[in-house]
1. Can you report the number of residues in region B:265-287 which are surrounded by fewer than 24 Cβ atoms within 10 Å (Cβ to Cβ), polar (S, T, N, Q) and more than 14 Å from every other protein chain (Cβ to nearest Cβ)?
2. I need the full set of residues from region A:316-351 which are more than 14 Å from chain B (Cβ to nearest Cβ) and outside any helix (DSSP H, G or I), in order please.
3. If I ask for residues that are touching a helix residue (DSSP H, G or I) at 6+ places or on another chain (Cβ under 7 Å) and either at pLDDT below 85 or in a loop (DSSP other than H, G, I, E, B) (or both), which ones from region B:200-212 would you list?
4. Would you check which residues across region B:208-219 are at the interface with chain A (Cβ under 9 Å from one of its Cβ atoms), in contact (Cβ under 8 Å) with a residue 60 or more places away in the chain and surrounded by fewer than 24 Cβ atoms within 10 Å (Cβ to Cβ) and list them?
5. Looking at (1) touching a Cys at 6+ places or on another chain (Cβ under 9 Å); (2) surrounded by fewer than 14 Cβ atoms within 10 Å (Cβ to Cβ), find the lone condition where B:ILE21 falls short.
6. Looking only at region A:285-305, which residues are buried (at least 17 other Cβ atoms within 10 Å of the Cβ) and touching a strand residue (DSSP E or B) at 6+ places or on another chain (Cβ under 6 Å)?
7. Which residue is surrounded by the most Cβ atoms within 10 Å (Cβ to Cβ), if the candidates are limited to region A:40-66 and must be within 20 Å of A:LEU332 (Cβ to Cβ) and among the aliphatic types (A, V, I, L, M)?
8. Return yes when A:ARG259 is more than 16 Å from A:ALA352 (Cα to Cα) and in contact (Cβ under 8 Å) with a residue 12 or more places away in the chain and no when it is not.
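The values are calculated or read from the model by the stated rules, or taken from the named source; none is laboratory data. Worth saying up front: this structure is predicted, and the values here are computed from it rather than measured. FYI the Cβ positions are ideal-geometry reconstructions off the backbone, even for glycines, and counts take in every protein chain you see.
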Amino acid sequence: MAESTIKIPVGPQHPFLKEPCKFEFEISGEEIRGAKIRMGYNHRGMEKACEDRNYYQCLYLLERICGICSHSHTTAYIQAVESLLGLELPKRGLYLRTLVCELERLHSHLLWLGVAAHEVGFDTLFMYTWRDRELVMNILEEISGNRVNYAINTVGGVRRDITAEQRKKILDLTKVVRERVAYYANIGTNEPSFMARIQGVGKMSTERAIEKCAVGPFARASNVDRDVRRDDPYAAYGDLEFKVITSDSCDILGRVVVRVLEMVESCKMIDQLLDKLPEGEIAVQKVPRRVPAGAAVSRYEAPRGEDVHYVRSNGTDKPERVKVRAPTLCNLEAAAESVVGSYVADIPIAIASIDPCFSCTDRTTVLLNDRRRGVRMATWEELRRHGVDWYRQNKGIRF
Amino acid sequence: METVKVMLYVLVFPGFLFQMIYSTYLEWVDRKLYARMQNRRGPLYTGWSGVLQPVADIVKLFAKEDVTPAASDKFMFNILPLVALASACTAGLYLPVWHLTGYNSFQGDLIVMVYLLAMPSFVLFLAGWFSVSPFSLIGATRVLTQLFAYEVPFFLALLTPAVVAGSWKIADIAKYPWASGNWWVIPLQVLAFIVAVLALQAKLERVPFDIPEAETEVVAGPLTEYSGKKLAVFRIQKDISMYAGSALIAALFLGGFGGGLYLGALQLVLKTLLVVALLSVIRGACARIRIDQIVSFSWRYLAPMSIVQFLIVLLLKGGGVI
């Protein structure tokens with residue numbers, strides 16, 4: 001017997017979505033039977049824009065891919081550029097870069113915890129975590145001068161050094177954050193009404209998570225033991241001791257636990273970084289403007305998962321191609337699948353459990369030679385001829 | 001003279017005017033407490049410590065554009081907010097404060113008040129149903145499902161003090177602990193009190209039972225399509241329902257508001273504030289549960305708790321202690 005299902009659209013504008021993205025859920029009663037994703041409301045043409053800018057300008061453009069993991073995108077990009085240039089970075093620069101990486105992870109996870117709590121109506125936890133996120137933001141402002149787009153990276157190192165006073169402030173911060181995180185871990189795993197909403201919801205088995213190419217805390221909560229920081233160390237991660245947190249509960253509770261414990265690990269890493277911080281230069285002094293021809297891929301463990309940047313250069317001061325693959329792209333399919341079988345009320349928290357960032361992810365897709373719609377690939381010559389003809393006919397302009 | 005008194009009762013205290021003003025104050029208390037629990041300041045700028053903020057919000061809503069969706073049933077869509085407000089206000093009139101006459105105090109007025117308090121939920125369902133939007137429809141069905149969950153435990157809990165006093169008249173029930181000298185029945189009924197407070201929280205659709213209007217799931221549930229004046233009327237209704245519901249619980253479980261106009265009014269304020277404070281604390285300490293979870297929670301915990309309380313009272317009554 002065919003079951004009667006109704007389709008409910010969620011998005012592109014919906015209170016639980018912080019950015020536009022459309023989902024179409026097939027529901028029967030309150031239970032979800034299917035989910036479809038429609039993206040592309042947020043395309044900004046950044047990859048194309050990079051081709052018109054030099055390597056330094058691209059840096060500040062790519063920083064604006066995401067408002068939360070801005071440092072992630074610049075670091076991923078700059079690592080690719082630095083490997084093309086064959087630069088040997090000073091240790092202190094790498095350590096400071098890693099320091100900002102981990103501070104960013106702290107503020108991103110605190111933000112996520114608040115959003116997750118808000119999605120299930122637990123506004124008290126939301127307010128608490130966002131209050132503590134302010135502390136981290138203040139430190140980031142202290143170090144870099146900015147709260148959101150830190151602009152601390154530069155080709156060959158970082159732009160600002162930290163003082164002894166700032167070092168002390170950061171150490172105080174990690175102490176406070178550890179205390180608060182222990183408190184949130186307690187609430188997140190003991191408060192009955194919160195537990196009722198996250199335990200056993202949004203299930204994603206280890207096998208399916210690997211098949212769907214899930215990354216980051218989402219994958220680690222499904223017991224996929226992957227972390228670029230350990231598997232392919234970059235910056236100063238090779239010198240640090242830390243655990244890769246995984247959880248075998250495969251549900252949203254696991255994702256909360258993984259992120260909360262990752263914050264503790266981040267605090268440990270920050271302390272180690274400040275302990276071991278070597279003296280010396282923070283950036284390479286002379287960096288050539290022109291990058292030798294070649295291509296490089298760089299992997300980076302952003303707070304949301306593995307971020308991949310590909311840079312191809314043609315020997316000029318502008319990149320020929322920059323390709324960004326944000327972590328949300330990998331997790332979105334898996335998230336849509338994890339919703340099936342749960343209730344309508346679980347949609348927000350299940351989608352939010354990947355910490356989605358749609359504007360990082362959106363790219364255009366162009367269908368070449370699509371016969372159904374009559375779309376055909378045109379060569380440059382054809383386009384030019386078309387333009388000349390059009391202007392001659394419509395505007396009377398002769399070229 | 002009697003007519004003037006009745007008019008005063010209906011229109012001024014504890015009738016329409018008092019309800020309007022006092023309920024906005026209760027909303028402010030609720031918002032302020034909730035904010036302090038969340039380490040925020042809450043309303044701050046309108047009036048002393050933002051005490052006029054709820055009024056300002058309502059005034060603002062009245063000035064906003066009022067949209068009636070083309071697909072909705074126009075008559076029902078427009079009339080429903082007033083029905084909800086009227087039933088909430090009328091419910092408030094049955095509270096045993098100050099001046100009792102045959103109009104507002106008779107055998108069975110408890111039943112009348114409980115049904116009047118249940119009316120806004122039905123109205124909310126109809127409002128969602130007639131606004132014809134997917135979110136409103138889902139919200140409307142959730143309102144009804146939730147109603148089945150909390151209404152029976154709520155009735156059972158309110159039955160206990162009625163059985164103790166042997167009366168269906170709220171004034172008699174409120175007077176009983178003092179009139180009979182059995183003041184210890186107040187702590188005895190703590191289980192029923194807890195059930196009643198939780199059920200009232202569900203009736204008012206507040207966290208953790210704000211399922212019908214869960215913002216992140218169904219936008220605003222049944223009220224999604226409402227705006228401007230009509231939304232403002234629903235807001236006033238919600239405040240007055242909170243006032244009437246908490247005052248009913250205070251009357252039945254906390255010893256009522258005897259002692260004439262001044263002492264009665266003072267007791268009314270203090271006791272409703274206590275109940276509202278409890279409601280705010282629950283709101284601050286919980287996450288929103290799911291619709292299936294509220295049904296199982298109500299029938300697994302609230303209903304048995306109220307039945308146990310009922311049995312205790314019946315046994316004591318049978319033993320001749322009460």
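1. Qualifying residue count for the region: 1.
2. Quick first cut of region A:316-351, residues more than 14 Å from chain B (Cβ to nearest Cβ) only: A:316-338, A:340.
Residues satisfying the conditions are A:THR316, A:ASP317, A:LYS318, A:PRO319, A:GLU320, A:ARG321, A:VAL322, A:LYS323, A:VAL324, A:ARG325, A:ALA326, A:VAL340.
3. Initially, region B:200-212 is screened for residues touching a helix residue (DSSP H, G or I) at 6+ places or on another chain (Cβ under 7 Å), giving B:200-209, B:211-212.
Residues satisfying the conditions are B:LEU204, B:GLU205, B:ARG206, B:VAL207, B:PRO208, B:PHE209.
4. Correct list: B:ASP210, B:VAL219.
5. (1)
6. First, the residues of region A:285-305 that are buried (at least 17 other Cβ atoms within 10 Å of the Cβ): A:287, A:291, A:296, A:298-305.
Residues satisfying the conditions are A:VAL291, A:ALA296, A:SER298, A:ARG299, A:TYR300.
7. Here is the first cut: in region A:40-66, the ones within 20 Å of A:LEU332 (Cβ to Cβ) are A:40-44, A:46-47, A:65-66.
Then keep just the ones that are among the aliphatic types (A, V, I, L, M); that gives A:46, A:65.
Details: A:MET46: 19, A:ILE65: 24.
Only one residue tops the list, namely A:ILE65.
8. Working: more than 16 Å from A:ALA352 (Cα to Cα): no; in contact (Cβ under 8 Å) with a residue 12 or more places away in the chain: yes.
Spelling it out, it is not the case that A:ARG259 is more than 16 Å from A:ALA352 (Cα to Cα) and in contact (Cβ under 8 Å) with a residue 12 or more places away in the chain.
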